[in-house]
Amino acid sequence: MMYDQTRAQQPEDQPRGRAERRAAGPEPLLPSAERDTIAVRLGHALNTFADTPLEALEEAESAFDEATAQLVSALAERRRVLRAGWQDQDPDTQSDELRHALRQYREMTQRLLHL
């Protein structure tokens, strides 16, 4: 962990801003409500397989299709937002923003490779 001089100079009782809080890990690719809905559908398919295997498989396939479509959509949106942040920047004067964009691309690509 690196020393943060600005943070160290703040009084202990001073509340920190939202921007200073760090999440425990990377932001989920899909919102929790969407993940939960797909998980419920998949769980239903698993629970009904013994009674109606063909319908259960169709429901599992549909849940898979929905999950992949939402993932592709979420990744495309993140790419669009990320690209908009650096595409028109002057590389000589905006190196910090470009470096941040590169880190974001690296993080997203590594997450995809480890799925």
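Of the whole protein surface, Ser62 contributes about 50 Å² of accessible area at a 1.4 Å probe radius. Figure note: Phe64, Phe49 ranked by solvent-accessible area, largest first, 1.4 Å probe, ligands and nucleic acids not counted: Phe64, Phe49.
Full extension of the chain segment joining Arg106 with Glu66 gains 11.8 nm, where the gain is 0.36 nm per residue of separation less the Cα-Cα distance.
Taking a probe of 1.4 Å, how large is the accessible area per residue of the stretch 40-115, in Å²? Numbers along the way, then the final one.
Working: 5920 Å² over 76 residues.
Accessible surface, normalised per residue, equals 78 Å².
The values are calculated or read from the model by the stated rules, or taken from the named source; none is laboratory data. Just so it is clear, the model here is predicted, and its values are computed rather than measured. Calculation scope for accessible area: heavy atoms of the full protein, side chains included, ligands and nucleic acids excluded. Shrake-Rupley method; radii C 1.70, N 1.55, O 1.52, S 1.80 Å.
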